[in-house]
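What follows is one structure encoded as C-alpha cells, with my remarks underneath.
The values are calculated or read from the model by the stated rules, or taken from the named source; none is laboratory data. No experiment lies behind these values; they were computed from the predicted model shown. A quick note on method: Cβ atoms are made from the backbone with ideal geometry, for glycine too, and the neighbour counts reach across all protein chains shown.
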Amino acid sequence: MNLSITNDLEYLAIFTLVLILPKLLLRFRLPSGITALVIGIMFSMIDPTIQDDRLFRFLSQIGITSLFLFAGLEVDFGELKSDGKYLSKYIGKSLVVILLMVLGLSEFFDLSYPSATILALGIFTPSAGFIMNSMHSFNMGEDQEYWVKSKAISKELMSVVLLFIALQGHDIKSMLISLIFFAALFAFLPLIFKLYFKFISPYAPNSEIPFLVVLSLTAGVISKELGTYYLVGAFIVGLIGSRFKHKIFKDDEQMLFSALAGFFNVFLPFYFFQAGLKISVGELTMDSFILGIIFIVIFVPLRIILTSSSLKYILKEFINKPYQISLSLMPTLIFGLVAAGALRNRGEVDSKLIYALIFYTLISSLLPSIFFSLRKGEAKQVEQQG
C-alpha cells in the first residue's frame, strides 16, 4: 500500500475519533478532554512514531493558546475590583496553602523548590477555561456560576505568575529576557489593537477572532521558546484584549464569545490528544496509582474545605450551597497536564510522581461530572415519587 495513503488514513481515523467521540461521550458526562487524552494514550501504543508528529503538536499549540486567550478575555477587571476585598483574602489564603504544600512536597519527595512549586500548582490550580466551558452541564444558579468563574480566574492569575517564577527563577538572565518580552506585550499590544481596529478591521469584516488567535499563538510560542509556557503569553493577550472587548465584540458579544469558544473546542481536544501521546503506559506503576490516591484523599478535601469555608463565612448572606462551587472548582485538567509536562521537561522528578499527578488530575476533573450527575438523578427520583 502507498505509504502516503496509509498516513492519510491514520490522520483521518485520528481526526474522526478526536473530534467526534468526545462529543458523543458527553451524554455520559465524561469531559471531552479526558476522552481525547485516552485516545492519545491508545494511539501512542498503536503507533509510537506519531508521538513526534509536528502536525498534532501544532494543533495542540493552537488549542492551548486559544483556551488561555479565552480565559484572559473572560477576565472582567471591574468585577474583580468590586469583589477585591473577598478575592484578595481568598488568594492570600491560597498562597499560604501553596507555600505549605511546596515545603511539604519538597521535604517529603526531596524536590527542589521550583519543582515542588510546579507540582503544587498542578495539584491546586483549577483550570478556569476548562471549568467555564463545562459549567453549562453543572446546572448551577447565576450567583454560583459567577463565583466559580471569579475564583477560578483569580487563582489562575496567581498560578500563572507563580509558574513563571518557578520555571525561570533558576536563571536570572532568562527571567529578565522573559520579563522584558512580557512587559513589551503589555506596552505594545494596546497599540497593536488600536492600529488593527483603525486600519484593518473596517476593511476585513469578521476578522476579530482570527486576529486574536494569531496574536495569542504568536505570543504563546515565543513565551514557550523563552522557557516559560504557551499559556503565559496567550493569557496576557487575552488580558489585554479584555480591555477592548467593546470593540472586538461590538454589539453581539455573546455570539462572538460563542464563536471563539467554538474555535478552541475544535482545536483543544488535540492538546489533550498530544498530552496522551506523551504518556507511556509502560511507565505506569502501582506506586503511581497509590500516590495518586493519596493526593486525592489529602488535597481534594483540603481544596473543598478551603473554598467552602471562604464562601460560608465571608459571603454567607449571598451564597447558597457553597459545596457546589467548591466541587465545580475541582477540575485541574489543564494546569495538571501543564505541570506534568513541565516536570517531565525538567528531568529531575521521578516518573511515578508525574504519573501520580496525572492520575490525580483525571480523577479531580471527573468529580463535578459525577456529583452533578448523581444529584440530577436523585432529583428525578424525588420528582417521580412526588
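Test SER351 against the criterion of being at pLDDT 90 or above, out of contact with any Gly (no Cβ under 6 Å at 6 or more places or on another chain) and hydroxyl-bearing (Ser, Thr, Tyr), and give yes or no. Yes.
Flag set for LYS89, criterion: of a type in the set (Lys, Arg), modelled with pLDDT of 80 or more and in a helix (DSSP H, G or I). Could you say whether any residue in region 76-85 is buried (at least 21 other Cβ atoms within 10 Å of the Cβ), within 22 Å of the chain's Cα centre (by Cα) and either within 30 Å of SER150 (Cβ to Cβ) or not acidic (Asp, Glu) (or both)? No, region 76-85 contains no residue that is buried (at least 21 other Cβ atoms within 10 Å of the Cβ), within 22 Å of the chain's Cα centre (by Cα) and either within 30 Å of SER150 (Cβ to Cβ) or not acidic (Asp, Glu) (or both). Listed by position, the helices (runs of 4 or more DSSP H) contained in region 202-297 that have at least 1 residues being farther than 28 Å from GLN168 by Cβ and modelled with pLDDT of 90 or more are 208-225, 253-277. Filtered by the rule that a residue be of a type in the set (Gly, Ala, Ser) and either free of Cβ contacts under 8 Å to residues at least 40 places away in the same chain or surrounded by fewer than 20 Cβ atoms within 10 Å (Cβ to Cβ) (or both), region 342-361 gives GLY347, SER351.
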